[in-house]
Amino acid sequence: MTLVIDNISELVTNDPALGDGPLGVVTNASVVIDGDTVVAVGPAGAVADERLDAGGRCVLPGFVDSHTHLVFAGDRAEEFTRRMAGEPYDGGGIRVTTDATRNAGRAVLRDSLQQRLVEVHRAGTTTVEVKTGYGLSVDSEAELASLAAEATTEATFLGAHLLPSEYQGRADEYVELVCGPMLDAVRSDVRWIDVFCETGAFDADQSRAVLTAGRAAGLGLRLHANQLGHGPGVQLGVEMGCASVDHCTYLSDDDIEALAASETVATFLPATDFSTRQPYPDARRAIDAGVRVAMASNCNPGSSYTTSLSFCIAMAVRDMGMTIDEAIAAVTTGGAAALGRSDVGRIIAGGPAHLTILDAPSRHHLAYRPGVPLIWRTLGAGFRLPPAGDQT
Ligand code: NIG
């Protein structure tokens, strides 16, 4: 059974061969899909078994959210309120969420993860990465990894998120646990390994040890780097060949030079900078230097409790020096590159039918109408959603 989505005012394909500019924009377009696959992209008026009238709306590739921490229990609304009153963010609240997560039980964790995935999908996202990192013990990290793996193929082990309370003063012992028994317990469930390389979390040597162990276990590498200040994270990420270094709120000239000369993607997480009152990264400077960039939500209960990449796009255009087209590329092909994927983030014949339909005639509305729920429909998903009857 084929379906044509017709009467599309503006179609972003991300294939320059199909339309105008780097985003391959086709006006007055249609897309034909067969099951989960796009079979044709072209002018309006294509014929199929069924027809969905887009009503002059804009259609984009489903967003690719390459950095989330969606498996956790509880929230930290009070911490956020204290922060807005002037308390600085230092990441210490990760332990608060770790306590809540360890005590929650699998059914509660699974249910809350599923409801967040519904929210992610309603926000226009069709590919999502999910990290562990609120277990910080062998058993709890193994549980979070298996829940993340149930949801997505893009599951990431973040045992080195923060030193748990019971390991205070014994950081090297904890790193050995992460690199040994904890990694062994999660490796069959995850595709990636990640470390929070920052003052107060893990230093460059500890982060290198974790990434080296992950690579030996066959995992791809990612890194939290330069979130709260300048540090060694970005350089380490490039040296280790990470697919992505994430945050990059603080970038030195040397960091930019190293990134530009590498395959490593710099992933900006501006909702974090919004929620922690950090400065926004200067994306313009990075892009002009030739750095490959992505943008992700970093949805987590502490530093960025949002699933909205539309919100990120608006911030990127307003405050990070990105054009609307660069911001859209960052949450589609950029996110795909950060995950080492070439199959998602575009609308092309033969590709997955992952589409976001805006309740707006053009992509510009994503930045022009901030805070307005512009996602009309999200079609397809590369992650597992609960059955419709279980969605609240
Ligand atoms: O990416 N920086 C480390 N991890 C998360 C924050 C998690 C939290 O505060 O709970 C981040 O911002």
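A quick yes/no check of all residues on (1) over 30 Å from Ile375 (Cα atoms); (2) surrounded by 18 or more Cβ atoms within 10 Å (Cβ to Cβ); (3) in contact with a Phe, Trp or Tyr (Cβ under 6 Å, 6 or more places away or on another chain):
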site	(1), (2), (3)
Asn103	yes, no, no
Arg122	no, no, no
Val130	no, yes, no
Glu154	no, yes, no
Ala171	yes, no, no
Leu177	yes, yes, no
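Can you confirm whether Ile94 is under 24 Å from the mean Cα position of the chain (by Cα) and modelled with pLDDT of 95 or more? Full working, then the answer.
On the way: under 24 Å from the mean Cα position of the chain (by Cα): yes; modelled with pLDDT of 95 or more: yes.
It is true that Ile94 is under 24 Å from the mean Cα position of the chain (by Cα) and modelled with pLDDT of 95 or more.
Residue by residue through region 56-72, note down the ones that are charged (D, E, K, R) and buried (at least 24 other Cβ atoms within 10 Å of the Cβ). I'd like the intermediate steps shown before the answer.
Of the residues in region 56-72, the ones charged (D, E, K, R) are 57, 65.
Asp65 - this is the single residue of region 56-72 that is charged (D, E, K, R) and buried (at least 24 other Cβ atoms within 10 Å of the Cβ).
Quick test for you: out of Arg102, Arg95, pick the one residue that is within 16 Å of the ligand (Cβ to nearest atom) and without any contact (Cβ under 8 Å) to a residue 60 or more places away in the chain.
Working: Arg95 fails: without any contact (Cβ under 8 Å) to a residue 60 or more places away in the chain.
Answer to the check: Arg102.
Quick check on this structure: which one of Asp75, Asp53 is away from the ligand (no atom under 16 Å from the Cβ), acidic (Asp, Glu) and either surrounded by fewer than 22 Cβ atoms within 10 Å (Cβ to Cβ) or in a loop (DSSP other than H, G, I, E, B) (or both)?
Values: Asp75 fails: away from the ligand (no atom under 16 Å from the Cβ).
Just one listed residue meets the conditions, Asp53.
Starting from residues that are assigned to a strand (DSSP E or B) and polar (S, T, N, Q), keep the ones in region 114-146 and report whichever is farthest from Val12 (Cα to Cα).
Ranking the candidates gives Thr127 first.
Listed residues Ala349, Ala367, Ala327, Ala296; which is of a type outside the set (Lys, Arg) and within 17 Å of Val128 (Cα to Cα)?
Exactly one of Ala349, Ala367, Ala327, Ala296 is of a type outside the set (Lys, Arg) and within 17 Å of Val128 (Cα to Cα), namely Ala296.
Please work out if Asp111 is under 21 Å from the mean Cα position of the chain (by Cα), surrounded by fewer than 18 Cβ atoms within 10 Å (Cβ to Cβ) and not in a strand (DSSP E or B).
Criteria met by Asp111.
Which of the residues that make up region 133-150 are out of contact with any Pro (no Cβ under 6 Å at 6 or more places or on another chain) and open to solvent by 10 Å² or more (accessible area, probe 1.4 Å)?
Ser137, Asp139, Ser140, Ala142, Glu143, Ser146, Ala149, Glu150, listed by residue number.
Do we have Ala149 as within 16 Å of the ligand (Cβ to nearest atom) and either part of a loop (DSSP other than H, G, I, E, B) or of a type in the set (A, V, I, L, M) (or both) here?
no
Give all pairs with beta carbons closer than 8 Å in which a residue from region 303-318 that is at positive phi meets a residue that is at pLDDT below 95; count only pairs at least 6 apart in sequence or on separate chains.
none
The values are calculated or read from the model by the stated rules, or taken from the named source; none is laboratory data. Nothing here was measured: the structure is a model prediction, and the numbers come from that model. In this analysis, Cβ positions are derived from the backbone assuming ideal geometry, glycine residues included, and neighbour counts consider all displayed protein chains. Just so you know, the surface numbers come from the protein's heavy atoms only, side chains and all, with ligands and any DNA or RNA stripped out. Shrake-Rupley method; radii C 1.70, N 1.55, O 1.52, S 1.80 Å.
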